[in-house]
Amino acid sequence: MIDLKQYSWLNPHHPMPTAGDEERQFIDVLKVIEKKEPNPALRNIYANYYLEQVEKAKEEGLEWKLDKNLGKEVRSWAKSQSFKKMKENLLKEDKAKFQLTGIVIVVTGTLILFFLRAILAQQFVVNFSVDAIVGAIALVFFYRNMKIKIRLLKSYEQLKDYVYMDVASFVMCILLKMWLPVMFDASLVILVISYYVQRRKFEKYLKGF
């Protein structure tokens, strides 16, 4: 069975071969993809294209045989319309994933900051116990969606700038909470602005990908 930890960039959208010649051939394909393509996101697209073609061939009762020059064949896939269509669909999925995780991070991040401010000011919306439960749930969702976002950005080798922006946004929120009166809270505004800036930056990058 193929060890996905060895190919951390692989996110299969189609059934993977589990044994025999099919599995060995897929491993050969993965090795060639790693050698020929440095970008993790494109590696994943190539691998999924291969899996899709194998699946289609099976449905038609055929066997997809690869060229002896595997490197040359892998490079040729990018010219096909089916590859371009798959690439477009996967980019759309990642765009939607980025948008969804960004919105959840804004909402949960705001709730976490509200709770921290409530602890410092000892002024809770309901009481400490109820507010703490909401804060804990928000923290769990925040952590999970941040992990998804980081993994997504890593696959496009675009992590650094976004992490800096997230850190700067939350630091700014915390500092403003310390300086401004309790009735003034700019956390949501700052996080929403950060989200829209990052979203536009990521969408612009995907257009040229």
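Within the range 113-134, does at least one residue satisfy the condition of being among the hydrophobic types (A, V, I, L, M, F, W, C), crowded, with 18+ Cβ neighbours inside 10 Å, closer than 24 Å to Lys201 by Cβ and in contact (Cβ under 8 Å) with a residue 24 or more places away in the chain?
Within the range 113-134, one or more residues are among the hydrophobic types (A, V, I, L, M, F, W, C), crowded, with 18+ Cβ neighbours inside 10 Å, closer than 24 Å to Lys201 by Cβ and in contact (Cβ under 8 Å) with a residue 24 or more places away in the chain.
Can you find, within the range 145-195, the residue that is farthest from Leu113 (Cα to Cα) among those that are in contact with a Ser or Thr (Cβ under 7 Å, 6 or more places away or on another chain) and among the small types (Gly, Ala, Ser)?
Ser194
Residues Lys149, Lys95, Lys87: which one is in contact with a Phe, Trp or Tyr (Cβ under 9 Å, 6 or more places away or on another chain), in contact (Cβ under 8 Å) with a residue 60 or more places away in the chain and of a type in the set (D, E, K, R)?
Only one candidate qualifies: Lys95.
Considering only the range 79-101, state which residues are open to solvent by less than 50 Å² (accessible area, probe 1.4 Å) and either in contact with an Asp or Glu (Cβ under 7 Å, 6 or more places away or on another chain) or acidic (Asp, Glu) (or both).
Residues satisfying the conditions are Met86, Asp94.
Just give me the residues in the range 143-164 being hydroxyl-bearing (Ser, Thr, Tyr) and open to solvent by less than 70 Å² (accessible area, probe 1.4 Å), in sequence order.
Answer for the range 143-164, where residues must be hydroxyl-bearing (Ser, Thr, Tyr) and open to solvent by less than 70 Å² (accessible area, probe 1.4 Å): Ser155, Tyr156, Tyr162.
Within the range 26-44, does at least one residue satisfy the condition of being part of a loop (DSSP other than H, G, I, E, B) and either in contact with a Cys (Cβ under 9 Å, 6 or more places away or on another chain) or within 18 Å of Glu93 (Cβ to Cβ) (or both)?
Checking the range 26-44: at least one residue is part of a loop (DSSP other than H, G, I, E, B) and either in contact with a Cys (Cβ under 9 Å, 6 or more places away or on another chain) or within 18 Å of Glu93 (Cβ to Cβ) (or both).
How many residues does the range 68-78 hold that are open to solvent by 100 Å² or more (accessible area, probe 1.4 Å) and farther than 18 Å from Ala41 by Cα?
Of the residues in that region, 2 qualify.
What tally of residues in the range 63-94 results from selecting those that are outside any helix (DSSP H, G or I), at pLDDT below 85 and among the hydrophobic types (A, V, I, L, M, F, W, C)?
Counting residues in the range 63-94 that are outside any helix (DSSP H, G or I), at pLDDT below 85 and among the hydrophobic types (A, V, I, L, M, F, W, C) gives 2.
Is the range 51-64 home to any residue that is in contact with a helix residue (DSSP H, G or I) (Cβ under 6 Å, 6 or more places away or on another chain), under 24 Å from Leu153 (Cα atoms), open to solvent by less than 40 Å² (accessible area, probe 1.4 Å) and touching a residue at least 24 places away in the same chain (Cβ under 8 Å)?
The answer is no; no qualifying residue exists.
Taking the range 3-23, which residues are open to solvent by 30 Å² or more (accessible area, probe 1.4 Å), in a helix (DSSP H, G or I) and either acidic (Asp, Glu) or at pLDDT 85 or above (or both)?
Asp21, Glu22
Name the residue that is farthest from Asn39 (Cα to Cα), counting only residues in the range 176-196 that are among the aliphatic types (A, V, I, L, M) and open to solvent by less than 70 Å² (accessible area, probe 1.4 Å).
Filtering first and then ranking leaves Leu180.
The values are calculated or read from the model by the stated rules, or taken from the named source; none is laboratory data. The model shown is predicted, which means the values in this text are computed figures rather than measured ones. Don't worry about glycine lacking a Cβ; one is built from the backbone with ideal geometry, like all the others, and counts go over all protein chains shown. Ligands, DNA and RNA are excluded from the accessible area calculation, which covers all protein heavy atoms including side chains. Shrake-Rupley method; radii C 1.70, N 1.55, O 1.52, S 1.80 Å.
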